[in-house]
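Data first, discussion second: the structure below is written as structure tokens.
Only the coordinates and a few stated rules stand behind these numbers; no lab work does. Being a predicted model, the structure only gives us computed values, none of them experimental. All Cβ positions, glycine included, derive from the backbone under ideal geometry; neighbour counts span all protein chains shown.
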Amino acid sequence: MTMVNRHRKFWPQGVPHQLRVPQVTLNHYLQTAAQRYPDKPALIYADRVLTYRELYQQVEAVAAYLQQRLGVVRGDRLLLISQNCPEFVIDYYAAMRVGAAVVPVSPMSTLVEIAYYADDSGAKVALVAQDLLHQVQPLMGRDGGTLTSALVHTYSEGVPASGIEALPEAMRFTACVFSEDTVHAFADALAYNNPVQDVGHGPHDLAVLPYTSGTTGHPKGCCHTHSTMLASNLASQVWRGLHTDAVFLCVAPLFHMLGMQNGMNLPLTLSGTIVMMPRWDAARATALVERYRVTVWTAPPAMVMDFFAHPSARERDLSSLTMLSGGGAAMPEAVARLLLDQFGLTYNEAYGLSETAAFLHANPPARCKRQCLGIPTQGVDSRIVDPETLQELPQGQVGELVTRGAQVMQGYWRNAQADKEAFMMLDEEQIGRAHV
């Protein structure tokens, strides 16, 4: 494939132009981190610390439970509905460990919306927080439905007394005892000690099925494999010069690609440390940055503005924070200038979609152009075309963005018409039609 080279003069020094994606699964990185850094904190949440050894062991236990008690097999789809918490991470990696695909669902979704995600994906099991179980139970065992059971967690499981106050009051409830055969407690899964049976899944198996917002019709499932997910987060870490000793503030919702990739998958792929917040709280965020010497934070501009506008931002030592990035909206010029003048930080603006597993375009870290989507990153070919003729337009003309790269989804879930509308041929190769 011939790449478009017009942006090469801005290319970050030392970053290769092409991306080599390892032929492994996301779980490979968690297992490797547990072997290399067993005692290193993988995840810190409300004073609860999970080392890489503990995180891996808990993923293995839950994976075996899903496989041997709930009958999950390779190729199944599992709903995952929860606020940010360690159990989200454990459930996510446990599902993939047995060859299933995760269908991440916003905890703000209504029963009707969840029913759509369950029916469209054909989900078999729901991995759900206890406060959201009432949105799932009516869907289990109904005529024509596919949901058969639920694995239920609470946000306070494993949180020490010193950390309970870090949880919003609505998230401090204790675990219920369930009498139904179809509802299973997360604690029982953690205590399960049978080994996982390997299912032979690989990098090109379906891993995540996030749904689009549905602003132009019914939401569509984006088919992402382990390989497309890895392509996005490996490109991001190389582009931004991230490393194993990086400490990440994770507060963006994990059901969304921004939080899922930058707050969870990327740190775990790097064997870094995640400092996770259950919900946004600017004062607590500044305290966490100071306490754990957070170095990396990816967030939308509105959250960044709230963080640095809070009085505690001038009282805390935030000097460890060196990489601040995000997207979803342009960073206002006045705020960008304040970040640079008062905190010595530049906001690395980037652009991606659910269809590209987040990272696609980004500004070079040493040349962050404000209010700009950035340039195509490693291995990405993006063009501007006439939306009617689909012919590439000269530089400076307004048109439609089309793009291809290793992180582009395989297609929409069981939706041939949507695929037909989303993909086109350019230079005798398929390319996706993005929406800015």
At a Cα cut-off below 22 Å, give the lysines reachable from Lys9, other chains included and same-chain residues fewer than 8 away excluded.
Lys369
In terms of the alpha carbon gyration tensor, root eigenvalues a ≥ b ≥ c, rounded if a/c is under 1.5 and otherwise prolate when a/b exceeds b/c or oblate, the stretch 1-128 is oblate
For Glu392 and Leu340, calculate 0.36 nm times their separation in residues minus their Cα-Cα distance, and state this gained length in nm to one decimal.
15.0 nm
Quick one: pull the percentage of alpha-carbon pairs in the stretch 73-153 with a separation above 20 Å.
22
With label points set 7 Å from each Cα along the Cα-to-Cβ direction at Arg291 and His204, the distance between them in nm comes to 4.6
Quick one: Debye curve from the C-alpha atoms of the stretch 50-222, no solvent, what's log10 I(q)/I(0) at q = 0.10, 0.12, 0.19 Å⁻¹?
-0.36, -0.53, -1.31
For a bin width of 20 Å, list the pair-distance distribution of the chain built from all Cα-Cα distances, rounded to whole %.
26, 58, 16, 0
Return the lysines within reach of Lys220: Cα separation strictly under 19 angstrom, same-chain partners fewer than 8 residues apart disregarded; answer none if there are no such residues.
Lys124, Lys420
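With the cut-off at 1.5 for a/c, could you classify the stretch 262-362 from its C-alpha gyration tensor as rounded, prolate or oblate?
Numbers: a/c = 1.79, a/b = 1.18, b/c = 1.52.
It is oblate, given that a/c is not under 1.5 and a/b is not larger than b/c.
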Among Glu87, Glu388, Glu333, which one shows the highest mean-square fluctuation when the chain is modelled as a Gaussian network with alpha-carbon springs under 10 Å?
Glu388
Here the FRET efficiency for Arg367 versus Phe173, based on Cβ atoms and R0 = 56 Å and rounded to 0.05, is 0.70
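Going highest first, how would you order 116-128, 237-249 by mean Cβ packing within 10 Å?
Details: 116-128: 22.7, 237-249: 18.6.
My ranking of the peptides, most packed first, is 116-128, 237-249.
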Kindly provide the helix-only [θ] at 222 nm of the chain, computed as the sum of -39,500 (n - 2.57) over DSSP H runs of four or more divided by all residues, to the nearest 500 deg cm²/dmol?
-7500 deg cm²/dmol
For the chain, size of Cβ-based charge dipole, Lys and Arg +1, Asp and Glu -1, in debye:
1040
